[in-house]
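Notes follow the structure.
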Amino acid sequence: MAYSKIQKKILELLLKKYESSKTYDGQNEVTQSFSILPEKVFPDYNNDFTDIDKIKDFENDIEILQINSLVIISKKQDRVSKITAISSDENWNKIRTILGVKDRNTRIKEEINFYSTFFDDSSVHKIIKDFCKSQIERLESGKNSEYLQSEAKDILALLVFILQNKNEILERELSISVLSNSKTWESKYKTKVLRILKKSGYFDFLIENCADEKEVNKVILEECGIFANPSYVYFKGNGTIVFENGNVSKICSDIPLGISSASIRKIVSFEITDSKIMTVENLTSFNRINEDDTFYIFLSGYHNSAKQNFLKTIYNQNAEKDYFHFGDIDPDGFYILENLRSKTLINFEPYKMGITELKTYSAFAKALEENDISKAKALIGNGCHKEIMEYMLQHNQKLEQEIISWKEEYK
């Protein structure tokens with residue numbers, strides 16, 4: 001016979017109780033019974049305002065299970081008070097057949113074998129090995145794995161693809177390629193996969209200065225060549241780019257140029273004729289700022305390893321230039337500056353990121369948040385930008401760079 005969703009839920013809860021018990025493990029010396037309250041399945045069962053027809057349907061479902069010798073119903077004042085499984089090996093096997101599941105010990109062995117296949121594969125990335133090892137340890141200690149096996153198969157397929165990826169690909173393309181559906185990645189797996197990638201510690205050096213969770217996720221995926229939308233690097237100034245296919249692009253100060261992140265990997269020569277090179281944190285300021293003899297670069301967000309390598313390429317061919325970074329006058333802005341310096345080994349100097357600007361534009365300043373205060377103190381502790389950080393803390397001020405690029409243009 002066909003069983004309803006309610007009936008299957010009841011049987012599922014009873015089976016879970018049984019398979020989590022000492023009786024199932026053969027360690028119990030007394031007879032156990034396995035029961036659930038009706039509210040576990042139907043939360044409003046004893047609510048005075050619940051539809052009487054829904055209550056009758058629920059009780060009919062339970063009575064059918066009792067007629068089929070799967071449960072015993074206990075009642076108080078004509079209401080179901082408890083649902084108890086008829087516990088026997090034959091009955092538990094019947095319930096497994098109804099639910100379409102295998103014995104828990106069998107399932108555990110199958111799951112361990114599944115994760116071991118990846119763990120024992122020498123070609124698999126360490127992040128995947130560590131994840132599989134953690135799931136095997138959970139299963140061997142009697143805990144459930146973190147994900148259903150059907151989900152785990154997709155998660156591992158996504159991890160394999162992402163960690164082996166060498167080319168720029170969009171998130172919807174990733175979803176189609178691995179899951180055969182353009183929306184499943186975003187709706188079901190993105191958060192789960194990113195949780196594993198973050199927990200691995202493999203990307204800590206990239207995300208240590210990220211402002212929020214959204215930025216962290218973006219940086220990790222872009223480091224693996226996965227983009228929500230096509231990513232571009234923007235240039236403004238005077239220079240010449242030569243690509244590996246021989247194509248040449250001229251850049252001039254009055255006509256900015258955007259190049260896709262995928263294409264910057266194909267640059268073999270980047271000659272800049274301006275004497276100063278400046279990275280700019282925000283696009284609004286990049287579009288506004290325009291000083292003579294300065295070549296501007298907007299990297300579209302945080303600087304992953306591909307963008308850092310690109311800056312090194314520019315530096316190797318333009319080492320005699322002066323390098324600057326223009327960002328927000330807040331702890332995050334200075335963390336980005338320090339990240340740039342440490343990852344590229346280029347001595348970027350801060351541009352208009354000092355106490356003078358904070359004083360001049362104090363009317364536009366914002367109060368520090370708790371996270372700002374922690375980061376400012378950390379920078380001071382590391383001996384970085386002590387004077388400006390102490391000023392920010394003393395005056396409870398920070399400033400976005402857009403006001404500076406706007407106001408300075410008209411001075």
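Values in this text are rule-based calculations from the coordinates and carry no lab data. From a predicted model like this one, the values you see are computed outputs, not experimental measurements. Neighbour counts are summed over all protein chains in view; Cβ atoms, including those assigned to glycine, are modelled from backbone coordinates with ideal geometry.
With a ≥ b ≥ c taken as the square roots of the eigenvalues of the C-alpha gyration tensor of the stretch 69-125, please select rounded if a/c is under 1.5 and otherwise prolate if a/b is larger than b/c or oblate if it is not?
In terms of gyration-tensor shape, prolate.
If exposed means no more than 16 neighbouring beta carbons inside 10 Å and the site is in a DSSP loop, what's the longest run of the chain without any exposed GluC sites (Glu not before Pro)?
30-145
For a 18 Å ceiling on Cα separation, which of these pairs sit above it: 22/94; 8/40; 102/188; 9/82; 190/218; 218/307?
Details: 22/94 20 Å; 8/40 13 Å; 102/188 25 Å; 9/82 15 Å; 190/218 11 Å; 218/307 14 Å.
Violating the 18 Å limit, Cα to Cα: 22/94; 102/188.
Would you mind calculating the gained length between residue 47 and residue 390 on full extension (0.36 nm times residue separation, minus the Cα-Cα distance), in nm to one decimal?
117.5 nm
Need the list of aspartates and glutamates near residue 5 for cross-linking: C-alpha distance under 20 angstrom, and skip anything on the same chain fewer than eight residues off.
Of all the aspartates and glutamates, those that pass the test against residue 5 - Cα under 20 Å, at least 8 places apart if same chain - are 39, 44, 51, 53, 57, 59, 61, 63.
Quick one: length gained pulling residue 129 to residue 362 fully straight, 0.36 nm per residue minus the C-alpha distance?
So the chain would gain 78.7 nm between residue 129 and residue 362.
Multiply the residue gap between residue 240 and residue 32 by 0.36 nm, knock off their C-alpha separation, and tell me the result in nm, one decimal place.
Stretched out fully, the residue 240 to residue 32 stretch lengthens by 66.8 nm.
Work the Kirkwood hydrodynamic radius out for the stretch 208-288: mean of 1/r over every pair of different alpha-carbon atoms, inverted, in Å.
Result for the stretch 208-288, one decimal place: 14.5 Å.
Rank 376, 101, 334 by how far each Cα sits towards the positive end of the charge dipole of the chain (+1 on Lys, Arg Cβ; -1 on Asp, Glu Cβ) and give me just the farthest.
So the residue furthest toward the plus end is 101.
Taking a threshold of 21 Å on the Cα-Cα distance, which of the pairs 276/352; 129/192; 366/407; 312/375; 54/76; 276/312 fall above it?
On the way: 276/352 14 Å; 129/192 16 Å; 366/407 17 Å; 312/375 27 Å; 54/76 19 Å; 276/312 15 Å.
Checking Cα-Cα distances, 312/375 exceed 21 Å.
Restricting to DSSP H runs of at least four residues, report the calculated mean residue ellipticity at 222 nm for the chain, -39500 (n - 2.57) per run over all residues, nearest 500 deg cm²/dmol. Mind showing how you got there, number by number?
Details: 19 runs with 201 residues, N = 411.
Dividing the helical sum by the residues of the chain leaves -14500 deg cm²/dmol.
Please give the charge dipole size of the stretch 371-411, origin at the Cα centre, charges +1 on K and R Cβ atoms and -1 on D and E Cβ atoms. Round to the nearest 20 debye. Intermediate results must be reported in sequence, preceding the final value.
Numbers: 6 positive and 7 negative charges, 34 e Å.
The calculation lands at about 160 debye.
Projected onto the charge dipole of the chain (+1 at Lys/Arg Cβ, -1 at Asp/Glu Cβ, origin at the Cα centre), which of 71, 81, 324 gives the Cα projection farthest towards the positive end?
With unit charges placed on the Cβ atoms, the residue in question is 71.
Treating only the Cβ of Lys, Arg, Asp and Glu as charged (+1, +1, -1, -1), what charge dipole size does the chain show about its Cα centre? Round to the nearest 20 debye. Please report the intermediate quantities before stating the final value.
On the way: 56 positive and 63 negative charges, 225 e Å.
Roughly 1080 debye, rounded to the nearest 20.
In a shell of Cβ-Cβ distance under 13 Å around residue 256, excluding residue 256 itself, what net charge do Lys and Arg (+1) and Asp and Glu (-1) give?
In short, +2.
Among DSSP beta bridges lying fully in the chain, give the percent that are antiparallel, nearest 5.
Among the beta bridges of the chain, antiparallel pairing accounts for roughly 65 percent.
The chain: Rg/Rh from Cα coordinates, Kirkwood Rh?
1.15
Dipole size in debye (nearest 20) for the stretch 230-409 around its Cα centre, Lys and Arg Cβ +1, Asp and Glu Cβ -1?
Using only the charged Cβ atoms, the result is roughly 500 debye.
Grab the other residues whose beta carbon is less than 12 angstrom from that of residue 139, score K and R as +1, D and E as -1, and report the net.
+1
Kindly identify the stretch 105-226 as rounded, prolate or oblate by the Cα gyration tensor criterion: order the square roots of the eigenvalues as a ≥ b ≥ c, call it rounded if a/c is under 1.5, otherwise compare a/b with b/c, prolate if a/b is larger, else oblate.
Working: a/c = 1.87, a/b = 1.51, b/c = 1.24.
Prolate, since a/c reaches 1.5 and a/b exceeds b/c.
Starting from the stretch 128-162, pick out the trypsin sites (Lys or Arg not before Pro) whose DSSP state is loop and whose Cβ has at most 14 other Cβ atoms within 10 Å.
Of the trypsin sites (Lys or Arg not before Pro), the ones in loops of the stretch 128-162 whose Cβ has at most 14 other Cβ atoms within 10 Å are 143.
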